[in-house]
1. Give me the count of lysine pairs in the protein assembly as shown whose alpha carbons sit under 28 angstrom apart, restricted to pairs 8 or more positions apart or on different chains.
2. Could you please tell me the mean projected area of the C-alpha convex hull for the range B:12-61, averaged over all directions and given in square nanometres to one decimal?
3. Give me a single rounded figure for A:67-78: the average over its residues of other chain Cβ atoms within 10 Å of their Cβ.
4. Other chains near A:118-130: what is the mean number of their Cβ atoms within 10 Å of each residue's Cβ?
5. Pick from A:Asp125, A:Asp44, A:Asp99: which residue has the top mean-square fluctuation in a GNM of chain A where Cα pairs under 10 Å get a spring?
6. Before anything else, pin down the relative contact order of chain A: Cα pairs under 8 Å, at least 6 apart, normalised by residue count, whole percent.
7. For labels at B:Val24 and A:Asn114 in the simple 7 Å Cα→Cβ model, what's the distance in nm?
8. Most mobile of A:Thr67, A:Thr33, A:Thr105 per a Gaussian network model of chain A (Cα springs, under 10 Å)?
Amino acid sequence: MADVREEILARLVEVLATIPNIRLARRNNLSHTEDQLPAAILFDGDEDTDDASDASMRPPLRPTMVTMTPEIVIGEQSSEAGSDLSTLRRELIKRVLTDTALNETIVKTGRNGNGAIRYLGCQTDFGDGRQLNGSLTARFLFKYALKPQEL
Amino acid sequence: MDYSALLYDPVFDAIGVPATFNAVSITVIDDTRPVTNPAGSGEVRSVGPGAFARIPELAAAGIARDAYIDATLAFNGRTWTVRSYELRGNPNGEDAGEVRFLLKAADGG
């Protein structure tokens, strides 16, 4: 049994926990408090294939390529929340894109695999709390093979 | 009708706390509230520190409106910086009303 989607998401949480100064690294956590900041929260991503346009006689159990787009929210509260988020963003992108387990072991499923990892962009939100409260939502794309016979 | 004498003063006498505004002694009502800020698909729970003060008391102490922003306000064991304020006028005019200070903590506060 090999569920690549779940392996990616589980590994991403481990990667988030390695970002310097992060107090909370969790998955699908909808609400946290200021005392847990800086926090890095992974939200499971949507998954898409191109199979809707593939009406060939291809057997349904043949492998197909899938793209998943998880979101990672980085939150911080300080008088310099903006620059703090920039630092955390840099560490996040670097760690996700260069992680060996994600690149070689999971997504590409071997050195000759055709999977891919991309950083798509980010959005920011700011608000007033005890101090300036900021969050940055980074979007990544993971392309990998879905092999129904291995599920 | 004198709102200060009939309304504000009894309330401040009952629930007001001593404070210092840039080292000047005044009385405020602690109005710290919970706030929730959006964080992507989630949210962060924090507090919105605030305090009410009587504008006539501030004026009598020599504190003009242009001194509000960035002032240091200490009460109830914490020290804050005024980041903004809201004027709460009354039938006697805005200069006879209250001001709600919107506060923020310094780093580590």
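Every read-out reported here was derived from the displayed coordinates using simple, explicitly stated rules and does not represent laboratory data. Here the structure is a predicted model, which is why all the values come from computation and not from measurement. We place every Cβ from the backbone using ideal geometry, glycine too, and count neighbours over all the protein chains shown.
1. 4
2. Hull-based average projected area comes out at 4.6 nm².
3. Working: counts 0, 0, 0, 0, 3, 1, 7, 2, 6, 2, 4, 3.
Average per residue, whole number: 2.
4. Counting Cβ atoms of other protein chains within 10 Å of each residue's Cβ and averaging gives 4.
5. A:Asp125
6. Contact order relative to length: 27 percent.
7. That separation, rounded to one decimal, is 7.5 nm.
8. So, out of A:Thr67, A:Thr33, A:Thr105, the one fluctuating most is A:Thr33.
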